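Here's the structure, in structure tokens; my notes come after.
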Protein chains: 2
Amino acid sequence: MNRITATYEIESPIGITKAAEVMAGEQSTGTFGKIALETDELRARCAAQIDELTVNSVGHSPSLPSRFSSNSYERGIVKISWPIDNLGTSLPNLMSTIAGNLFELAELSAIRMTDIGLPKVFAKTNPGPAFGATGTRGELGAHDGPIIGTIIKPCVGLSPAETADLVQILAVAGIDFIKDDELQANGPHCPFPKRVEAVMGVLNAHADKTGKRVMYAFNITDEVDQMKRNMDLLSAHGATCAMVCMNSVGLSGLRAARDHGNHIIHGHRAGWGLYSRSPHIGISFPAWQKLWRLAGADHLHVNGLASKFTEPDPVVAESAKSVQTPVFYDRGPAHLAMPVFSSAQTIWQIQPARTLLGNDDFIFCAGGGIMSHPGGPGDGVIALRQAADAARAGISIEKYSRQHPQLRAALDVFIKPTLDLG
Amino acid sequence: MNRITATYEIESPIGITKAAEVMAGEQSTGTFGKIALETDELRARCAAQIDELTVNSVGHSPSLPSRFSSNSYERGIVKISWPIDNLGTSLPNLMSTIAGNLFELAELSAIRMTDIGLPKVFAKTNPGPAFGATGTRGELGAHDGPIIGTIIKPCVGLSPAETADLVQILAVAGIDFIKDDELQANGPHCPFPKRVEAVMGVLNAHADKTGKRVMYAFNITDEVDQMKRNMDLLSAHGATCAMVCMNSVGLSGLRAARDHGNHIIHGHRAGWGLYSRSPHIGISFPAWQKLWRLAGADHLHVNGLASKFTEPDPVVAESAKSVQTPVFYDRGPAHLAMPVFSSAQTIWQIQPARTLLGNDDFIFCAGGGIMSHPGGPGDGVIALRQAADAARAGISIEKYSRQHPQLRAALDVFIKPTLDLG
């Protein structure tokens with residue numbers, strides 16, 4: 001039946017049933033008074049429908065301020081569906097329908113979108129990630145295990161030459177993947193063209209010498225035309241990966257980058273807290289990430305387990321798994337992306353990350369977790385690979401470390417974080 | 001001193017001062033452990049600074065869930081500044097810096113960005129609204145007073161011919177401005193090309209006959225390449241205004257539309273509730289709208305006074321005024337846009353809208369407020385203009401209506417809403 005669905009956790013001063021009717025009306029054929037042109041035929045063809053509705057509890061105060069008030073606030077879940085012909089398969093227009101004005105309705109005192117259901121017909125106009133895990137491994141050359149990566153720090157302030165010097169150290173250490181910080185843009189201290197030239201000079205020489213291609217995700221985030229120029233420059237220097245701050249450029253911006261040139265799109269979610277931190281308003285990551293995979297993200301940041309950020313570990317785990325779940329409800333291409341773990345990550349988090357996914361198709365970014373290894377960054381990278389090997393073999397890292405000195409040394413230095421994965 | 005500033009209302013389990021230091025570090029040179037490359041010279045050149053800090057109150061529970069907990073949560077305001085050379089004058093990169101990871105910090109249990117301060121050097125790469133109020137009036141032909149507009153309803157479901165029939169009625173009624181609903185995309189029931197052809201056929205004929213050009217904001221929202229094709233089609237049919245759902249296409253998407261062709265950009269803010277509804281996380285409209293004016297929006301939706309949406313009237317008033325406030329802190333081009341009032345608007349809200357702005361440079365969209373006038377839509381439009389004239393003359397609409405029968409008739413039909421403007 002090619003319908004689009006969206007599921008919301010809502011709270012309402014007028015009750016869940018009435019609120020759901022308002023939502024369906026506002027986001028399809030309704031207006032605040034029924035008008036002559038809203039015929040029965042038109043409604044049958046275009047009205048949004050309430051597919052599921054559950055009342056879970058009743059409270060006595062609103063979670064968010066609202067123009068309407070009441071003595072009781074029902075909380076529950078509502079699933080709404082739309083005929084695909086209302087809007088077609090354009091992602092930006094999908095956003096206006098499922099995540100538009102309804103967030104401002106006075107009939108709701110809380111609304112979080114928790115799921116989106118899309119039919120595979122969306123694949124016709126949204127080809128999705130061009131590379132994914134398979135393509136990423138292909139660009140890295142022969143490679144198994146998780147991709148071990150790091151982020152250039154300090155985030156901003158290094159010159160192109162200083163950046164390249166650090167890249168040289170990391171390449172020699174055996175790293176697979178390096179990325180710009182999302183704050184590193186195209187300012188006068190470290191202009192994009194000079195950074196690309198310096199970094200790729202190091203990495204191309206390293207590949208020539210060792211046969212190992214290290215992937216560097218350059219932050220191309222900018223206006224559409226400038227992103228295209230940035231990508232052309234990447235191509236000219238043999239760089240294969242472009243990082244885009246998704247919320248900064250928008251869905252249309254990401255898609256334009258995906259369609260230009262032939263680069264792996266590394267999706268950074270700076271600003272994600274705006275969508276996710278409140279229990280009362282926002283979008284869940286499993287819903288949100290579908291849109292960005294459809295727009296073309298090959299890699300998607302999901303925070304790290306026990307990271308410096310505020311998301312609890314179960315949310316990080318759910319987010320990482322969602323990126324590896326097929327995007328459409330009726331099969332079609334899976335459009336899978338690679339989850340990217342980062343922020344305060346060490347040998348202690350790679351095993352839980354590997355275990356929760358059940359595969360190696362992820363990117364694991366560590367900073368201090370590599371650079372602070374007592375044997376130096378080279379041993380730091382080896383220790384992370386050993387931790388991943390232990391996970392694959394189903395052996396604890398403590399036990400595995402008896403035969404693996406680099407992992408052993410890491411265990412002595414890095415403090416075991418408290419994970420909360422239930 | 002070309003610095004960028006951003007002001008935040010925050011709450012923290014570690015105290016406002018420490019939290020501000022974490023924010024400044026996270027968004028510039030800091031990492032979770034100080035590293036060798038973060039030299040004093042680099043910090044002096046690139047570190048974000050805390051310019052102002054105020055502690056307002058202390059609470060005992062967090063407003064948002066956070067990984068860190070405490071017995072006390074300080075609430076206050078912090079203003080942070082960055083050297084412009086950290087990132088240059090690219091809007092998407094500005095977003096990553098001022099509205100990026102910091103929303104996810106565990107050191108914060110609430111964070112709302114309430115202001116952005118930008119120097120005029122941003123105007124070099126961000127030419128801003130190409131038309132604004134003056135350009136909009138120019139396209140409308142000789143015109144004073146507020147722009148009286150309406151929205152096609154039902155939002156979706158009408159065919160191109162049905163849409164054009166409604167446009168004919170509205171044009172004859174004397175309306176200035178008509179817009180697609182934000183849900184009206186480019187689906188098979190009402191394809192964009194056929195809608196443009198049908199609507200512009202009516203409006204071009206109307207202009208030939210009467211000399212009056214009615215502006216129609218067609219919803220071009222889509223991927224960048226499709227938006228460009230849509231705008232080319234608008235040009236071919238003599239249409240001057242393109243509506244873009246800003247959150248659906250992103251800053252880079254809007255800028256790409258602004259730079260293509262030569263259309264007035266009507267900025268719809270579908271999804272705005274996500275940014276604004278929580279008192280604990282989000283971005284204020286006065287801060288947010290600066291970004292979209294810099295990206296090129298000529299018109300910006302601000303809800304209506306006493307609308308069906310949840311924003312209180314003082315927020316709507318502040319939003320409308322912000323759009324008419326110069327964008328840079330050190331002069332330079334003002335980059336002014338026109339506020340667009342809509343949702344459940346009648347003759348009762350036009351006078352308060354005009355009074356709070358102190359000028360006529362706004363668009364006032366009414367639906368039922370025009371179509372339900374007892375004298376028909378023509379009298380509905382006239383009554384709205386009379387209400388605006390009364391405001392300009394400083395006379396109440398009740399008194400003014402004694403000499404103006406269309407306004408008199410409207411007063412009898414439309415219920416006076418309760419405004420809350422203090």
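Residues in region B:278-296: is at least one farther than 30 Å from residue B:76 by Cα and either among the aromatic types (Phe, Trp, Tyr) or buried (at least 22 other Cβ atoms within 10 Å of the Cβ) (or both)? Let's see the steps before the verdict.
Quick first cut of region B:278-296, residues farther than 30 Å from residue B:76 by Cα only: B:295-296.
Filter again for either among the aromatic types (Phe, Trp, Tyr) or buried (at least 22 other Cβ atoms within 10 Å of the Cβ) (or both), leaving B:295-296.
Checked against the condition, which is being farther than 30 Å from residue B:76 by Cα and either among the aromatic types (Phe, Trp, Tyr) or buried (at least 22 other Cβ atoms within 10 Å of the Cβ) (or both), region B:278-296 yields at least one hit.
If a residue counts only when it is open to solvent by 10 Å² or more (accessible area, probe 1.4 Å), modelled with pLDDT of 95 or more and of a type outside the set (Ser, Thr, Tyr), which helices (runs of 4 or more DSSP H) contained entirely in region A:337-422 have at least 1 such residues? Steps first, please.
Numbers: elements: A:347-357, A:368-371, A:377-393, A:397-400, A:405-413.
In region A:337-422, A:347-357, A:377-393, A:397-400, A:405-413 are the helices (runs of 4 or more DSSP H) which contain 1 or more residues that are open to solvent by 10 Å² or more (accessible area, probe 1.4 Å), modelled with pLDDT of 95 or more and of a type outside the set (Ser, Thr, Tyr).
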- Message: Suppose we keep only residues that are open to solvent by 30 Å² or more (accessible area, probe 1.4 Å) and farther than 16 Å from residue B:125 by Cα within region A:210-231. Which one would you say is farthest from the other protein chains (Cβ to nearest Cβ)?
- Response: A:211
- Taking region A:214-250 only, how many residues are touching a residue at least 24 places away in the same chain (Cβ under 8 Å) and of a type in the set (Lys, Arg)? 1
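Here are A:358, A:367, A:376: which of them is within 21 Å of the chain's Cα centre (by Cα) and within 14 Å of chain B (Cβ to nearest Cβ)? It would help to see each step written out before you state the result.
Numbers: A:358 fails: within 14 Å of chain B (Cβ to nearest Cβ); A:376 fails: within 21 Å of the chain's Cα centre (by Cα).
Among A:358, A:367, A:376, only A:367 is within 21 Å of the chain's Cα centre (by Cα) and within 14 Å of chain B (Cβ to nearest Cβ).
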- Which listed residue, of B:163, B:221, B:210, is polar (S, T, N, Q) and either under 24 Å from the mean Cα position of the chain (by Cα) or not assigned by TED's automatic domain parsing to the domain that holds residue B:383 (or both): B:221
- Task: Select from region B:1-55 the residues that are more than 11 Å from every other protein chain (Cβ to nearest Cβ), in a loop (DSSP other than H, G, I, E, B) and modelled with pLDDT of 90 or more and list them in ascending order.
- Result: B:14, B:15
- Item | Spans of helices (runs of 4 or more DSSP H) in region A:187-293 with at least 2 residues farther than 22 Å from residue A:96 by Cα | A:192-210, A:224-236
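Among the residues that make up region A:329-336, is at least one of them under 18 Å from the mean Cα position of the chain (by Cα) and either hydrophobic (A, V, I, L, M, F, W, C) or under 16 Å from residue A:177 (Cα atoms) (or both)? Can you show your working first?
First pass over region A:329-336, keeping only residues under 18 Å from the mean Cα position of the chain (by Cα): A:334-336.
If we keep only those that are either hydrophobic (A, V, I, L, M, F, W, C) or under 16 Å from residue A:177 (Cα atoms) (or both) too, we end up with A:334, A:336.
Yes, some residue in region A:329-336 is under 18 Å from the mean Cα position of the chain (by Cα) and either hydrophobic (A, V, I, L, M, F, W, C) or under 16 Å from residue A:177 (Cα atoms) (or both).
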- Out of region A:232-257, which residues are closer than 21 Å to residue B:222 by Cβ and more than 10 Å from chain B (Cβ to nearest Cβ)? none
- Message: List the residue pairs whose Cβ atoms are under 7 Å apart, where the first residue sits in region A:183-209 and is over 18 Å from residue A:238 (Cα atoms) and within 14 Å of chain B (Cβ to nearest Cβ), the second is open to solvent by 40 Å² or more (accessible area, probe 1.4 Å) and not polar (S, T, N, Q), and the two are 6 or more positions apart or on different chains.
- Response: A:187/B:85; A:188/B:85; A:189/B:85
- Expected single match for open to solvent by less than 80 Å² (accessible area, probe 1.4 Å) and either more than 28 Å from residue B:230 (Cβ to Cβ) or not basic (Lys, Arg) (or both) among A:40, A:51 is A:51
- Query: Based on what the data block shows, is residue B:154 touching a Leu at 6+ places or on another chain (Cβ under 7 Å) and open to solvent by 10 Å² or more (accessible area, probe 1.4 Å)?
  - Reply: no
- Message: Please go through region A:181-216 and give me each residue that is of a type in the set (Asp, Glu) and touching a Lys or Arg at 6+ places or on another chain (Cβ under 8 Å), ordered by number.
- Response: A:181
- Item | Qualifying position, being surrounded by 22 or more Cβ atoms within 10 Å (Cβ to Cβ), free of Cβ contacts under 8 Å to residues at least 24 places away in the same chain and under 22 Å from residue A:288 (Cα atoms), among A:93, A:101, A:126, A:86 | A:93
- Query: residue B:52: charged (D, E, K, R) and in contact with a strand residue (DSSP E or B) (Cβ under 6 Å, 6 or more places away or on another chain), yes or no?
  - Reply: yes
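With respect to residue B:153, is the statement that it is among the charged types (D, E, K, R) and modelled with pLDDT of 95 or more true? Explain how you work it out, then say what you get.
Numbers: among the charged types (D, E, K, R): yes; modelled with pLDDT of 95 or more: no.
It is false that residue B:153 is among the charged types (D, E, K, R) and modelled with pLDDT of 95 or more.
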- Could you please give the count of residues in region B:282-313 that are within 12 Å of another protein chain (Cβ to nearest Cβ) and not hydrophobic (A, V, I, L, M, F, W, C)? 11
- Item | Any pair with Cβ under 7 angstrom, 6 or more apart, that starts in region A:333-351 at a residue that is within 14 Å of another protein chain (Cβ to nearest Cβ) and ends at one that is assigned to a helix (DSSP H, G or I) and buried (at least 21 other Cβ atoms within 10 Å of the Cβ) | A:345/A:369; A:346/A:369
- Kindly check whether there is at least one residue in region A:131-147 that is surrounded by 21 or more Cβ atoms within 10 Å (Cβ to Cβ) and part of a strand (DSSP E or B). yes
- List the pairs whose first member sits in region A:1-22 and is not assigned by TED's automatic domain parsing to the domain that holds residue A:290, whose second member is part of a loop (DSSP other than H, G, I, E, B) and among the charged types (D, E, K, R), and whose Cβ atoms are under 8 Å apart, counting only residues at least 6 apart or on separate chains? A:12/A:107; A:13/A:107; A:14/A:107; A:18/A:107; A:19/A:107; A:22/A:107
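The values are calculated or read from the model by the stated rules, or taken from the named source; none is laboratory data. Since we're looking at a predicted model, the values are computed, not measured. In this analysis, Cβ positions are derived from the backbone assuming ideal geometry, glycine residues included, and neighbour counts consider all displayed protein chains. Note: accessible area is taken over every heavy atom of the protein model, side chains too, but ligands, DNA and RNA are not part of it. Shrake-Rupley method; radii C 1.70, N 1.55, O 1.52, S 1.80 Å.
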